[in-house]
1. Kindly check whether there is at least one residue in region 88-102 that is within 21 Å of residue 21 (Cβ to Cβ) and either open to solvent by 20 Å² or more (accessible area, probe 1.4 Å) or not charged (D, E, K, R) (or both).
2. Would you please name the residue that is nearest to residue 81 (Cα to Cα), looking only at residues in region 136-165 that are open to solvent by less than 40 Å² (accessible area, probe 1.4 Å) and out of contact with any strand residue (DSSP E or B) (no Cβ under 8 Å at 6 or more places or on another chain)?
3. Can we say residue 131 is more than 16 Å from ligand 1 (Cβ to nearest atom) and over 25 Å from residue 84 (Cα atoms)?
4. Test residue 82 against the criterion of being modelled with pLDDT of 95 or more, farther than 20 Å from residue 136 by Cα and assigned to a helix (DSSP H, G or I), and give yes or no.
5. Having 1 or more residues that are within 17 Å of the chain's Cα centre (by Cα) is the bar; report the strands (runs of 3 or more DSSP E) wholly within region 90-149 that clear it.
6. Under the condition of being more than 8 Å from ligand 2 (Cβ to nearest atom) and in contact with a Lys or Arg (Cβ under 9 Å, 6 or more places away or on another chain), which residue from region 134-144 is farthest from residue 27 (Cα to Cα)?
7. Filter region 8-62 down to residues that are of a type in the set (Asp, Glu) and in a loop (DSSP other than H, G, I, E, B) and give me whichever is least open to solvent (accessible area, probe 1.4 Å).
8. If I go through region 150-182 residue by residue, how many of them are over 23 Å from residue 8 (Cβ atoms) and either of a type outside the set (Val, Ile, Thr) or under 18 Å from the mean Cα position of the chain (by Cα) (or both)?
Amino acid sequence: MPFGHDMVHSLATAVDLVNTSPSTGGEDTLTDLRELGDFVARWEVSGIGELDAADLAQVRALREAFHKVFTAPDQPTAVIRLNTLLSGTRITPRLAEHDGHPLHVHYFAPDASLHEHLAADIGVALAHLLVEDEWERLRTCSAPDCDHVFVDESRNRSRVYCDSRTCGNRMHVAAYRARRRA
Ligand SMILES: [Zn+2]
Ligand SMILES: [Zn+2]
């Protein structure tokens, strides 16, 4: 993956956030403040206060906006969708060093709410991905009953399943059975 650690982290956070949505074929796993708190802990989202129902509603809306960038039919559409998202986001770059992480750039404003934090940091990461002409790495799983998104980090951009152990393995087993029946 030709990207730095911060960008990889932001993209992985985006993937996890989008995949909590039922629009990706599974159950909704971001339905209450406990699940929102788990998400924040999982991705070590820093500098946010106590979470409330407004945070939950805003983050649930944001995941759909990110999903639309992942599922854009072409790059120009992805650019338009991301620009729309960025135009509504306050962005304040500043250097930070915390929790044992080396010096890195934060893009969210100092008083940002959770969704503003995620929109800024993930939005900028996606912007860099588009600038680097790597938009095609934003993918949706090819398994017929799974629409989870993922970032294809393979050198030759050949990954087709969200998870090789689950969907990839499942599809290989199905193909093997089909061959044996033939
Ligand atoms: Zn940080
Ligand atoms: Zn899948």
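1. Yes, region 88-102 contains at least one residue that is within 21 Å of residue 21 (Cβ to Cβ) and either open to solvent by 20 Å² or more (accessible area, probe 1.4 Å) or not charged (D, E, K, R) (or both).
2. For region 136-165, the residue satisfying everything is 146.
3. Numbers: more than 16 Å from ligand 1 (Cβ to nearest atom): yes; over 25 Å from residue 84 (Cα atoms): no.
No, not satisfied.
4. no
5. Values: elements: 91-96, 104-108, 138-140.
Per the criteria, 104-108, 138-140.
6. 134
7. Only one residue tops the list, namely 28.
8. Counting residues in region 150-182 that are over 23 Å from residue 8 (Cβ atoms) and either of a type outside the set (Val, Ile, Thr) or under 18 Å from the mean Cα position of the chain (by Cα) (or both) gives 13.
The values are calculated or read from the model by the stated rules, or taken from the named source; none is laboratory data. What you see is a predicted model; the values in this text were computed from it and never measured. With ideal geometry, Cβ positions are generated from the backbone for all residues, glycine too; neighbour counts draw on all protein chains shown. Each accessible area value is taken on the protein alone, full model and side chains, heavy atoms only, with ligands, DNA and RNA left out. Shrake-Rupley method; radii C 1.70, N 1.55, O 1.52, S 1.80 Å.
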